[in-house]
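I have placed the structure first, in the form of structure tokens, so that the comments after it can refer back to it.
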């Protein structure tokens, strides 16, 4: 193959090569000899099979060897234990420098995989384990597919990262199962937090022709293959509607993508268009179009940001910067939750489920306490109803979560978290009462979103045990946990906090004790710029729409409604107090709160007329582009200040916080890669946040 | 109320192909996966058997640790996807493990405690070499309870040559050559294959493969090729790798049922369990065990050796088979004995072999409606013999 391939191989010099290994198998029922190709990179399932240039060439060699034979009746391909293959090796992608190299990678994948569909003998993909991206596409190229009912995840996640399933996926899948189902995998699922389907669903969607249980999946698949070869089993697939249904599905996908991203990310749009065109294209045309799409997208900033974001959540999140040595962490065998409100209830449920230790909630009011405990028990019942837990587990969880009117119940707790009213004196009082009953080592954690940890600890006998433990609402959905170190917090307390966060399966980021920490500080600033524009006279709809080109999960005013105007006002006041020159308090927001409005939008998603009235007034409206620019400039300036203040270790931590705590998208890489590539960082701060491509580690 | 024993029948048997231990077929395959494959295949071949009707899963393994540990009968039942209500246990009588799994669970059927059972065995001698983890009590030697040679099976075979001086190395080799020839012919005639279920094998270097036939047989073995083999257990001795079974990996399983239950469920009744017997002998000549075990059984049943039309005797060592034949005055090449060959060619994955003898006997019975009785018999380490007497349900002689 060409020199572009050689260049590509050099770029992937660190490739963990997934070897294709061939072995002859005698098929049952005297069906003849098949070549069984195993894909195996020589590591266990924690390092799944991927395809780089080396892996593709290895597979190519085995397919060619099989092609040269006249004594075989079939070629079958399967993975290593628990893993089929999870797609392209992306480690070398950032090193690709030219479009030609990118194009060559795309074409190499096609050149190899398509042979699986163009041999003289039938090919069978035995999807034994996780299959994603290029792994799923290997299977799609085969003549037939079997799938294990134990496959935990099958997906075409490319659009989630900033690519398209361009090794045949956008062409083969719609021709196999129709455009509507194909687009679900190619676009809908990637844009829904990268949802994956299970083996059974893949079979029901028609992606696989047969399904077998995992215990002897390969043996039974080979039996089935033998029957197919002998003609004892005929594979019937429903005919794909290549008429109106195809066009309708494409139009629907276009609508969904536009609604979610407003053109902010090119990959999903490109994927939809490839599916649209696949209807009338030949294989050659379809594959060539995929090569072009891959070449364009591999060179795109959005993909670089996507890969960076992927590494943030996959790698950086597992090794929090600045966390003390794990060995310093103390055991947590019982948890106290001060308060019985909604947040306290969510925390109690999370601690009980993840730590599997008793959790006591306290409140001064019996009625509120009962309500809090009832909430948790009700949530447990919901889990039971959904089949997520069984009856015994439900009984156990309910027994773990109890309520007490006095804090004596905390006496043997090792970790007490407060979720009471956001007022310094109240929280100091609560901590003093807790300290009176717990051991000197027990951790006192606060879920405050904006108060100073240091000040909260200042009146205690053991201030070194106090940490900030800031969750994001809804707790069960958003992974982020800001862990805040007060001035006197010691390493043992901090290590215990990180250890607990890990058990809670949260993404912990260490933050300095600075006003509103990371996410609230930046979201308040961002929202403040939009509200500022409204205050100056911009129509709220216009201001709200102005930041749509970023493709955020929700508009600023929608976020305001979700957070609650009162809470948002409170945080903005705290920040205004700390940084009056950069954080304004929106007088319109203050009015909205004063009027007792809790929603910004009417049920029909137009702005509530009363709110709209409160928003009106100014006489200096801005253009959408001006609002976007001022919001981005404010972010760039503030993030630089935060990094200079040492609020977090690196810009990567800011991005990790925004992705996991606010759901900011991959294609912006959180925000700093976007600010860099849009030139905002340099314009505002005179320098970029990242030298060269952003790096997660 | 007096209790009536119920008739117990052998419904079906399946096994994995046997492999050579060490670098053979199953070098990177787990033992539990092998027995699980067998159980699943038994269920597939007998769709009339509702899985919840299985009352016990008795699985033997000599070394009950690692992938052969964790109460292998129970864990295999779960891994095979049988309902959680189906119990299971592990059983051990060294080489006669599966044979004992059959007699013990079969006796449970006769007693009325079970309707249907799965009985079998698994031994991966590559992953679990003989003697792994054993800690013999020092009293065995200090009080001379057993001869030091008793724990090494090859030594007990050499001892057997001493006890039967007329059994020479040449006779043993000739027997071994015939065993290889009979297996080769049985394979060519398609007699062995129906008992096998193909098994996925893993190799990091070679990738996945499919075990479809026994690995140990050496067709074409001749007296000449055996003559030069070493005698590892005794200098200038008689026992060689050629006239003994090898070290092997394999799993076997069978369905047993009360005869009336088999009829109710429409399951086949290939042969009827008549009686069984176990007997101890001096551990240092464990190979002679089948002799007293069989004598005891025949005496109890009032049968003579001539009433037995087919013998499936485990070939741990040629000398041990020959000792049995010599004792009962049967010719070395008697056609009733191991007609399709035996463990010298097919392999002897310790605790799984007993059920292999039974599935071959059941197929022979089907071909021989003129034969009423057959034996499966084995010698057992630590000095025992076990014999099971079966009646051919296809027997037409009485009609």
> For the subset of the stretch A:62-77 comprising residues that are outside any strand (DSSP E or B) and in contact with a strand residue (DSSP E or B) (Cβ under 8 Å, 6 or more places away or on another chain), which member is nearest to the other protein chains (Cβ to nearest Cβ)?
Replying inline: A:62
> What number goes with the only condition from (1) within 29 Å of residue B:249 (Cβ to Cβ); (2) part of a helix (DSSP H, G or I) that residue B:122 does not pass?
Replying inline: (2)
> Which ranges mark the helices (runs of 4 or more DSSP H) fully within the stretch A:576-658 that have 2 or more residues being crowded, with 18+ Cβ neighbours inside 10 Å and under 30 Å from the mean Cα position of the chain (by Cα)?
Replying inline: A:624-645
>> Please determine whether any residue of the stretch A:233-244 is more than 14 Å from every other protein chain (Cβ to nearest Cβ), exposed (fewer than 15 other Cβ atoms within 10 Å of the Cβ) and in a helix (DSSP H, G or I).
In response: yes
> Which one of these is away from every other protein chain (no Cβ under 14 Å) and without any contact (Cβ under 8 Å) to a residue 60 or more places away in the chain: B:112, B:108, B:121?
Replying inline: B:108
>> So if I check each of A:126, A:108, A:59, A:39, which one is touching a residue at least 24 places away in the same chain (Cβ under 8 Å), in a helix (DSSP H, G or I) and within 14 Å of another protein chain (Cβ to nearest Cβ)?
In response: A:59
> For the stretch A:323-349, what are the residues that are farther than 21 Å from residue A:371 by Cα and out of contact with any helix residue (DSSP H, G or I) (no Cβ under 6 Å at 6 or more places or on another chain)?
Replying inline: A:325, A:326, A:327, A:331, A:333, A:334
> Quick one: how many residues across the stretch A:1-29 are part of a helix (DSSP H, G or I), more than 8 Å from chain B (Cβ to nearest Cβ) and touching a residue at least 40 places away in the same chain (Cβ under 8 Å)?
Replying inline: 7
>> With assigned to a helix (DSSP H, G or I), surrounded by 19 or more Cβ atoms within 10 Å (Cβ to Cβ) and over 24 Å from the mean Cα position of the chain (by Cα) as the only criterion, which of A:500, A:489, A:496 stands out?
In response: A:496
>> Suppose the filter is within 14 Å of chain A (Cβ to nearest Cβ) and closer than 21 Å to residue B:248 by Cα; does residue B:101 pass it?
In response: no
> Of all residues in the stretch A:199-219, which are without any contact (Cβ under 8 Å) to a residue 60 or more places away in the chain, away from every other protein chain (no Cβ under 14 Å) and either buried (at least 22 other Cβ atoms within 10 Å of the Cβ) or within 18 Å of the chain's Cα centre (by Cα) (or both)?
Replying inline: A:203
>> Considering only the stretch A:429-443, I want to know if a residue exists there that is under 21 Å from residue A:519 (Cβ atoms) and crowded, with 17+ Cβ neighbours inside 10 Å.
In response: no
> Can you tell me how many residues in the stretch A:245-289 are assigned to a helix (DSSP H, G or I) and under 18 Å from residue A:156 (Cα atoms)?
Replying inline: 21
> Going through the stretch B:55-94 one residue at a time, which ones are within 14 Å of chain A (Cβ to nearest Cβ), buried (at least 22 other Cβ atoms within 10 Å of the Cβ) and either closer than 26 Å to residue B:386 by Cβ or touching a strand residue (DSSP E or B) at 6+ places or on another chain (Cβ under 6 Å) (or both)?
Replying inline: B:76, B:77
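Matching residues to (1) under 22 Å from residue A:220 (Cβ atoms); (2) crowded, with 24+ Cβ neighbours inside 10 Å:
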site: A:30; (1), (2): yes, no
site: A:43; (1), (2): no, no
site: A:46; (1), (2): no, no
site: A:50; (1), (2): no, yes
site: A:55; (1), (2): no, yes
site: A:60; (1), (2): no, no
> Is it true that some residue in the stretch A:161-182 is more than 20 Å from residue A:59 (Cβ to Cβ), within 14 Å of chain B (Cβ to nearest Cβ) and not in a helix (DSSP H, G or I)?
Replying inline: no
>> Among the residues in the stretch B:33-54, are any away from chain A (no Cβ under 13 Å), over 28 Å from residue A:28 (Cα atoms), surrounded by fewer than 19 Cβ atoms within 10 Å (Cβ to Cβ) and modelled with pLDDT of 95 or more?
In response: yes
> Listed residues A:596, A:617; which is touching a helix residue (DSSP H, G or I) at 6+ places or on another chain (Cβ under 8 Å) and on the phi > 0 side of the Ramachandran plot?
Replying inline: A:617
> Can you tell which of A:229, A:186 is more than 14 Å from every other protein chain (Cβ to nearest Cβ), in a helix (DSSP H, G or I) and buried (at least 23 other Cβ atoms within 10 Å of the Cβ)?
Replying inline: A:186
>> Kindly evaluate residue B:210 against the criterion of being without any contact (Cβ under 8 Å) to a residue 40 or more places away in the chain and either under 26 Å from the mean Cα position of the chain (by Cα) or within 24 Å of residue B:353 (Cα to Cα) (or both).
In response: yes
>> Looking at the stretch A:659-673 only, could you name the residues that are under 21 Å from residue A:157 (Cβ atoms), assigned to a helix (DSSP H, G or I) and out of contact with any strand residue (DSSP E or B) (no Cβ under 9 Å at 6 or more places or on another chain)?
In response: A:673
> Among (1) surrounded by fewer than 24 Cβ atoms within 10 Å (Cβ to Cβ); (2) free of Cβ contacts under 8 Å to residues at least 40 places away in the same chain; (3) not in a loop (DSSP other than H, G, I, E, B), which single condition is residue A:691 missing?
Replying inline: (3)
>> Here's a check for you: in the stretch A:62-96, which residue that is in contact with a helix residue (DSSP H, G or I) (Cβ under 8 Å, 6 or more places away or on another chain) and over 19 Å from residue A:142 (Cα atoms) is surrounded by the most Cβ atoms within 10 Å (Cβ to Cβ)?
In response: A:89
> Does residue A:278 satisfy the condition of being out of contact with any strand residue (DSSP E or B) (no Cβ under 9 Å at 6 or more places or on another chain), at pLDDT 95 or above, surrounded by 15 or more Cβ atoms within 10 Å (Cβ to Cβ) and away from chain B (no Cβ under 14 Å)?
Replying inline: yes
> What are the residues in the stretch A:493-527 that are over 18 Å from residue A:312 (Cβ atoms) and in contact with a strand residue (DSSP E or B) (Cβ under 9 Å, 6 or more places away or on another chain), if any?
Replying inline: A:493, A:494, A:496, A:497, A:500, A:504, A:512, A:513, A:514, A:520
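The values are calculated or read from the model by the stated rules, or taken from the named source; none is laboratory data. Owing to the predicted nature of the structure, the values given are computational and were not obtained by experimental measurement. We place every Cβ from the backbone using ideal geometry, glycine too, and count neighbours over all the protein chains shown.
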